[in-house]
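Colleague: Would you mind keeping the following structure in view while I ask a few things?
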Amino acid sequence: MAQIELKGVSKRWGAVWGVRKVDIEIADKELLVLLGPSGCGKTTTMRMIAGLEDPSEGEITFDGEVMNAVDARDRDVAMVFQGYALYPNMSIYENIRFPLRMRNVPKDKQDELVRRAAKMVELSDYLNRKPGALSGGQRQRAALARAIVREPQIFLMDEPLSNLDAQLRQAMRVQIKYIQRELQITTVYVTHDQIEAMTLADRIVVMQGGAVQQVGTPDEIYSDPANTFVASFIGAPPMNLIDGMIKDGNFVADHVEVPDVGIKTTGQIRLGIRPEDCAVVSSAEQRHNMKGDVYGVEPTGDMTVLTLRVGEKNLEIKADRDYRSELGVQENVVFDTNRLYFFDSQSGERVR
Amino acid sequence: MASIRRVKGENLYIRYLILSCWGLFCLMPVLWFLSIGFRPRTEIITAQPIYFPTLSLDAWHMIWSDWPMAKYLRNSVAAIFGSVMIDLVLAIPAAYSLSRYEYRGREDIGFYILSTRMMAPAIVAIPIFFLFRNLGLLDTIWALMLVYAAINLSIVTWIIRSYMTDIPRELEDAARTDGAGDLRILWEIIIPAILPGIITAAVIAMIFVINEFLFTLLIASTPDAYTMSVALANFTGGSDGVIYNAIALVAFLAFVPVFLVVIAIQKHLSRGLTMGAVKG
């Protein structure tokens, strides 16, 4: 049970910044997800929390106590790794028992704890096997059991599901969330998968280029993005970004026009609209905001992703599940004007 | 996979035939030693080859009764195993440091260790002689152990280092967050994980020194420290001339310990030699 705080934490290798002045507060029992593309500094940030990497600057505290000089093995954190990191020469039982042995938990207590942890991840029947004899999903569960067995102050999970196939990933996601709620342990979870982030997190920290882009609940991150990076990183297909101008209160771009957008500034601006906030209108006479030629039609079952060629750009629209069309046909699209986002075309920051 | 299953009937016989021929070819020197060792001296040097010689245990009795062959064998085995143990005790921590810690000059130190192997043995022979004389270790197997260990240390360090480098970093990170210190990680995680590599290095080291002659002759002056390789030289001079059948038997005896070791750890050895090439 711990509250974690990162104050101005940076990691530098010579002239290269891995992480740049990161401030994050993680509440007790919270599940915080660090989300970003590879190389954004999320794993380095987590490794600094674990004590596997020393910050070049800044302070990391657990419950107000500065941890910078505390060795990884004395921080009482447990970590789950992308590659599982099970000890190949030990049985699953020995793997799960290892952290207890290292912390001199009484012998008779060890067995009980190992069996309880194995039961939580449904591995009770596999305790005598070596890691090599388990499937990917079972190995991941064994790694999870090893992390939960001693009920640490903090869980750290570094892309634990990215080596699993999609179906297994969904099941493991639910299991991880359930176990985290059950044990009420503060958890930091690193991923590049936005679905994982959205479904698991109490709060998401979106990172890019070693810096925090936005911190917020999944809802906030999705419906109130702070800049174009967050806007386009979250959502599948991502938010459409259209460069244009504000003229007399209207947004105007190549083949796009949105009247009365309620933005006070004038000149260059970037409009953001999510694919699900666009709709194809059936006749050209109806009010519409955008014209484009059909470039691709991808039915996914529950909807159809329509790609339109608008001027020089491809923009995506989530159309009805039974929408079908031929390539090259011109379509008109109307925007939900309550869900428009505007960004500074230079800095990418949100304009409100 | 499929191709192995398709092998049936005749194909399999052909396969065994080829493998048997190859096995026979590889074992030929050993069979030849035995054939020469167990025939009388009169049947060794002849104008016509003798394919079915008379069985004679003369040489066999001679090497055990006229020479302290058991002692030589014991010296060989002790010096070799001792030296390999010294190598492992020194090389494992060195390899761990070279593969895992970041520090200035790490690559230089690694290369320096390897470069000790590049020196011509004759250059250090005289200094080593004086060194051991001053230490009072001349003519002891302790000196042999140290010299053999020195000969192999670089190669053993490098082999083990390359295995350690292949171990995923995550494994150590996991052990560290689980609460293990450096020594525990080395002992409980790294060493078991690269055991095939360590065994491979040890066997290669043994093979390198079983035939060591120059330094052994330099250090050993009495049967107290003679090894099998030096014992072989006993049969080439003197009033009896070159005693070929005794030489053959002694050579065979020198081959046996390493042969037995390799048989015993065969499984690990083949895994060790292919590890790193195939993702585990």
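Colleague: Distance between Cα centroids, segment A:296-342 to segment A:22-47: provide it in whole Å.
Modeller: 34
Colleague: Across bins of 10 angstrom width beginning at 0, how are the C-alpha pair distances of the protein assembly as shown distributed, in whole percent?
Modeller: 3, 12, 16, 16, 15, 13, 10, 7, 5, 3, 1, 0, 0
Colleague: Still on this structure, please answer the following. Give me the Debye-computed log₁₀ of I(q)/I(0) at q = 0.14 Å⁻¹ for segment B:127-280, equal point scatterers on Cα only, no solvent, two decimals.
Modeller: Treating every Cα as an identical point scatterer, log10 I(q)/I(0) equals -0.85.
Colleague: Can you list the lysines whose alpha carbon sits under 16 Å from that of A:Lys109, skipping same-chain ones fewer than 8 residues off?
Modeller: A:Lys119
Colleague: Continuing with the same structure: What is the mean projected area of the alpha carbon convex hull for chain A, to one decimal in square nanometres?
Modeller: Details: hull surface 85.0 nm².
It is 21.2 nm².
Colleague: What ranking, highest mean first, results for peptides A:117-126, B:95-104, B:139-148, B:115-124 when packing means the other Cβ atoms within 10 Å averaged over each residue? Kindly include the intermediate steps, with their values, before the conclusion.
Modeller: On the way: A:117-126: 17.6, B:95-104: 15.1, B:139-148: 22.6, B:115-124: 10.6.
Per-residue mean Cβ counts within 10 Å order the peptides as B:139-148, A:117-126, B:95-104, B:115-124.
Colleague: Let me ask something else. Using the number of other C-beta atoms within 10 angstrom as an exposure proxy, rank A:Asp322, A:Asp336 with the fewest first.
Modeller: Ordered by Cβ neighbours within 10 Å, fewest first: A:Asp322, A:Asp336.
Colleague: Tally the DSSP beta bridges in chain A and give the antiparallel ones as a percent, rounded to 5.
Modeller: Details: 60 of 78 bridges.
Once the DSSP bridges in chain A are tallied, antiparallel ones form about 75 percent.
Colleague: Would you compute the Debye intensity of segment B:174-239 from its alpha-carbon atoms alone, equal scatterers and no solvent, and pass along log10 I(q)/I(0) at q = 0.14, 0.25 Å⁻¹ to two decimals?
Modeller: Cα-only, vacuum Debye calculation for segment B:174-239: -0.63, -1.02.
Colleague: Which ordering of A:Lys109, A:Lys313 is given by a fewest-first count of other beta-carbon atoms within 10 Å? Could the numbers behind the result be given before it?
Modeller: Details: A:Lys109 10, A:Lys313 16.
Exposure proxy ranking, most exposed first: A:Lys109, A:Lys313.
Colleague: Another question, then. Please work out the Cα center distance from segment A:52-66 to segment B:21-100, rounded to the nearest Å.
Modeller: 62
Colleague: Restricting to the protein assembly as shown, compute how many DSSP beta bridges are antiparallel as a %, nearest 5.
Modeller: Details: 60 of 79 bridges.
Approximately 75 percent, going by the DSSP bridge assignments.
Colleague: Also: Taking the beta-carbon count within 10 Å as an exposure proxy, list B:Leu135, B:Leu195 from fewest neighbours to most. List each step's numbers first, then the result.
Modeller: Working: B:Leu135 12, B:Leu195 16.
In increasing order of surrounding Cβ atoms, one gets B:Leu135, B:Leu195.
Colleague: Determine the relative contact order of segment A:4-233: mean sequence separation of Cα pairs under 8 Å and six or more apart, normalised by residue count, in whole percent. Don't skip to the answer; put the middle values down first.
Modeller: Working: 428 pairs, mean separation 65.2, N = 230.
After rounding, I find 28 percent.
Colleague: Strictly greater than 18 Å: what percent of every Cα pair in segment B:83-148 meets that? Mind showing how you got there, number by number?
Modeller: Details: 1144 of 2145 pairs.
When every Cα pair of segment B:83-148 is considered, 53 percent fall beyond 18 Å.
Colleague: I've got another one for you. How many percent of Cα pairs in segment B:147-210 exceed 17 Å?
Modeller: Values: 928 of 2016 pairs.
Value for segment B:147-210: 46 percent of Cα pairs lie more than 17 Å apart.
Colleague: Once you treat every alpha carbon in chain B as an equal point and sum by Debye, what is log10 I(q)/I(0) at q = 0.13, 0.15 Å⁻¹?
Modeller: For chain B, the Cα-only Debye profile gives -1.03, -1.17.
Colleague: Show me, for segment A:104-114, the HN-Hα J-couplings you get by feeding each phi into the Karplus relation (A = 6.51, B = -1.76, C = 1.60, θ = phi - 60°), rounded to Hz, glycine and proline as x.
Modeller: 6, 5, x, 3, 5, 6, 4, 4, 4, 5, 4
Colleague: With a ≥ b ≥ c taken as the square roots of the eigenvalues of the C-alpha gyration tensor of segment A:240-351, please select rounded if a/c is under 1.5 and otherwise prolate if a/b is larger than b/c or oblate if it is not?
Modeller: Values: a/c = 2.04, a/b = 1.82, b/c = 1.12.
Cα axes put segment A:240-351 in the prolate bin.
Colleague: Answer rounded, prolate or oblate for segment B:48-204, using the Cα gyration tensor with square roots of eigenvalues a ≥ b ≥ c: rounded when a/c is under 1.5, else prolate when a/b is larger than b/c, else oblate. Before the final figure, lay out each step's value.
Modeller: On the way: a/c = 2.56, a/b = 1.82, b/c = 1.41.
Prolate, because a/c is 1.5 or more and a/b exceeds b/c.
Colleague: Within 10 Å, count the other beta carbons around each residue, average over each peptide in A:49-58, A:78-87, and list them highest first. If you can, show how the numbers build up before the last one.
Modeller: On the way: A:49-58: 18.8, A:78-87: 23.6.
Ranking, from highest mean packing down: A:78-87, A:49-58.
Colleague: Is any helix in chain B, taking whole DSSP H runs, at least 27 angstrom long along its axis by alpha carbon and on average at least -1.0 on the Kyte-Doolittle scale, and which ones? Please list the in-between numbers first.
Modeller: Details: long enough: B:10-37 (38 Å, 1.32); B:69-100 (45 Å, 0.97); B:141-166 (36 Å, 1.25); B:244-264 (30 Å, 2.50).
Membrane-span-like by this criterion, though nothing is claimed about a membrane: B:10-37, B:69-100, B:141-166, B:244-264.
Colleague: Given axes a ≥ b ≥ c from the Cα gyration tensor, I'd like to know whether segment B:50-125 is rounded (a/c under 1.5), prolate (a/b larger than b/c) or oblate. Walk me through the numbers on the way to the answer.
Modeller: Values: a/c = 3.43, a/b = 2.88, b/c = 1.19.
The shape class here is prolate.
Readers should treat all values here as calculations from the given coordinates under stated rules, not as data from a laboratory. Not measured: the values here are computed from a predicted model. Positions of Cβ are generated from backbone atoms using ideal geometry, with glycine treated the same way; all protein chains shown enter the neighbour counts.
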